[in-house]
Structure formats: C-alpha cells, structure tokens
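Data first, discussion second: the structure below is written as structure tokens.
The values are calculated or read from the model by the stated rules, or taken from the named source; none is laboratory data. As the structure is a prediction and not an experimental result, all values here were calculated from the model. Here the Cβ positions follow ideal geometry from the backbone for every residue, glycine too, while neighbour counts run over all protein chains shown. Protein only, heavy atoms only, side chains kept; ligands, DNA and RNA dropped before computing areas. Shrake-Rupley method; radii C 1.70, N 1.55, O 1.52, S 1.80 Å.
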Amino acid sequence: PASVRWRIEHGERGGIAPRAIGLLIGANNFGRVHWTAAQTETGIAAILAEIRKHLPDAHVLLLGVLPRDRGGWCAAQTAELNRALAEKYGTGEVRGVGFHDPTSLFLHNGALDRTLFYDPLLTPPEPALHPTASAQARLAAAIAPILAPWMKDAPR
C-alpha cells in the first residue's frame, strides 16, 4: 500500500472527480515483504484516509483480498485481513466506504478453484494469483449492484 499512498499524495488523483472508486489491494503485502494482516490493515486505512481527504465526494468500495494458493501463512493472513476489513468497513459506519469480500466467488466446494486463475496455466505452472477474464467478469457482476447506486446508474 505504500506505493499506492505515495501516488495518491503526489498527484495521480489530480483532475478527477469519480463518483466511485473500487479498491482491490493488499495481496502483495503477503508476498515478498511478508507484512502481517494487522500491518496491511494499517496501510489500507492510511490509503482510505488519503482517498477520502483528496476525493471526499467519491464512494469507495474496498474489496477483500482474493484467495490464492501461496501457502498456509498467506491464506491465514488473507482470511484475518478480510475479517478485520469486514468488521471495520462492512458495517456502513465509515462514511463513504463500503466493503465486499469476493472470496466465495473464487471457491468451488470450499476450496480454491484454480481454473479461475491464469497462473496455473503458465509453463511452468505458478500458484494461483491473477484471475482470468471470466473470473473478473464474475467479480464485476457481484459488485455492480453495489456500485450502481453510487454511480446513479441502474444495475446491469
């Protein structure tokens, strides 16, 4: 989140006035940098504060970190972070911020559906991390009803 915050603070939000912002962030923190869920939550809160400061009229839809098969520690941190974000932002108590956890969209019979990710299709195969176009369409369909009222649009 540090680089996202820097970009917001240094002008990448200049000249725009969005009605809604979709924010999918946090997965990379559990990779090489190995931040904990608590550290990642703090970073996300800082980014949300910057967005609210610079774009106060925009609604923000914060999405939970997508599931992936990067090992037990990553899975535990992802679940912990998504629970914490749901608790903090899923209640509607934080002005202008909503939360949606898309985890269930990426599961089949309770396990990660690797067919929804590009990475296992690579040669050599890699752990599932990046959703396919069809998985992204599934995610778009799930969040469209949330975004529609903010966009003053009818759900599609």
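Among the residues of the stretch 69-78, some residue qualifies, meaning at least one is in contact with an Asp or Glu (Cβ under 9 Å, 6 or more places away or on another chain), modelled with pLDDT of 90 or more and closer than 25 Å to THR132 by Cα. Scanning the stretch 19-33 turns up no residue that is of a type in the set (D, E, K, R), open to solvent by 40 Å² or more (accessible area, probe 1.4 Å), closer than 21 Å to THR132 by Cβ and assigned to a loop (DSSP other than H, G, I, E, B). Say whether the condition of being under 30 Å from GLU50 (Cα atoms), touching a helix residue (DSSP H, G or I) at 6+ places or on another chain (Cβ under 9 Å), β-branched (Val, Ile, Thr) and surrounded by 18 or more Cβ atoms within 10 Å (Cβ to Cβ) is met by at least one residue in the stretch 67-83. Yes; the residues of the stretch 67-83 include at least one that is under 30 Å from GLU50 (Cα atoms), touching a helix residue (DSSP H, G or I) at 6+ places or on another chain (Cβ under 9 Å), β-branched (Val, Ile, Thr) and surrounded by 18 or more Cβ atoms within 10 Å (Cβ to Cβ).
From the list LEU66, LEU48, the one residue that fits, being of a type in the set (A, V, I, L, M) and not in a loop (DSSP other than H, G, I, E, B), is LEU48. Here GLU41 fulfils each of the conditions (1) under 24 Å from GLN136 (Cβ atoms); (2) in contact (Cβ under 8 Å) with a residue 12 or more places away in the chain; (3) under 15 Å from the mean Cα position of the chain (by Cα) apart from (1). Taking every residue in the stretch 86-104 that is closer than 12 Å to VAL65 by Cα and free of Cβ contacts under 8 Å to residues at least 60 places away in the same chain and pairing it with any residue that is open to solvent by less than 40 Å² (accessible area, probe 1.4 Å) and β-branched (Val, Ile, Thr), at least 6 positions away or on another chain, the pairs with Cβ-Cβ distances below 7 Å are HIS100/ILE143.
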